[in-house]
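Chemist: Before I ask anything, let me first share the structure, which is written out below as structure tokens.
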Amino acid sequence: MTLHHKQSYWKMDQALYLAEKAFENGEVPVGALLLSPDHKVFARAFNQVETLQNPFAHAEMLVLDEACRKIKSKRLLEYSLVVTLEPCLMCAAAAMNARVKRIIFGAYDPKGGGIEHGARIFSRQQTLYYPEIIGGIQEQYCQKLLRKFFIQLR
């Protein structure tokens, strides 16, 4: 395992901690981090769609917004997005527009994903920007938390 992948596992642990906070708040358990160019956690968030009654309050959107405000720029060129679930089309497009360098995610999302499933935004010829994509990091742990949440909803 390369150093990059070891770091991804460690950072995914932190994203999973945030996903658990979302779970505790009755939100779909998704946590996200934005890593600075030197691989330090620069921003963190978890889903708050229900809490804020805002359909855009996905963990990824919140973390990208926080980072852009911090650096006062719409571009996050050397930053990496770490998220526990494959980003949906909206979040993948936001990461593309922010020009994040890489997207690292845990569980694949066959129903709502926008990268490896659904719209597959980065597979399109018309796509403006192509970040590095690394999927399946600690996938089983990420899936387990999501399954637990949706079982409790039933």
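Chemist: Residues 77, 52: which one is farther than 19 Å from residue 131 by Cα, open to solvent by 50 Å² or more (accessible area, probe 1.4 Å) and more than 15 Å from the chain's Cα centre (by Cα)?
Modeler: When all the criteria are applied, what remains is 52.
Chemist: If residue 126 satisfies every condition in (1) free of Cβ contacts under 8 Å to residues at least 12 places away in the same chain; (2) open to solvent by less than 60 Å² (accessible area, probe 1.4 Å) but one, which is the exception?
Modeler: (2)
Chemist: Given the structure, is residue 60 at pLDDT 95 or above and in contact with a Gly (Cβ under 7 Å, 6 or more places away or on another chain)?
Modeler: No; evaluated as a whole, the condition is false for this residue.
Chemist: Moving on. Within region 114-152, take every residue that is charged (D, E, K, R) and touching a Phe, Trp or Tyr at 6+ places or on another chain (Cβ under 8 Å) and give me the one that is farthest from residue 14 (Cα to Cα).
Modeler: Among them, the one singled out is 116.
Chemist: Mind checking which pairs have a first residue in region 61-80 that is on the phi < 0 side of the Ramachandran plot and a second that is surrounded by 18 or more Cβ atoms within 10 Å (Cβ to Cβ) and of a type in the set (Val, Ile, Thr), Cβ under 7 Å, 6 or more apart or different chains?
Modeler: 76/100; 79/100; 80/100; 80/104
Chemist: Across region 85-123, what is the total count of residues that are among the hydrophobic types (A, V, I, L, M, F, W, C) and surrounded by fewer than 14 Cβ atoms within 10 Å (Cβ to Cβ)?
Modeler: Residues in region 85-123 being among the hydrophobic types (A, V, I, L, M, F, W, C) and surrounded by fewer than 14 Cβ atoms within 10 Å (Cβ to Cβ): 0 in total.
Chemist: Residue check: is residue 108 in contact (Cβ under 8 Å) with a residue 12 or more places away in the chain, touching a Ser or Thr at 6+ places or on another chain (Cβ under 8 Å) and not hydrophobic (A, V, I, L, M, F, W, C)?
Modeler: When the stated conditions are applied, residue 108 does not pass them.
The values are calculated or read from the model by the stated rules, or taken from the named source; none is laboratory data. Everything numeric in this text was worked out from a predicted model, so none of it was measured. Positions of Cβ are backbone-derived with ideal geometry, glycine not excepted, and every protein chain shown enters the neighbour counts. Only protein heavy atoms, including side chains, enter the accessible area calculation; ligands, DNA and RNA are left aside. Shrake-Rupley method; radii C 1.70, N 1.55, O 1.52, S 1.80 Å.
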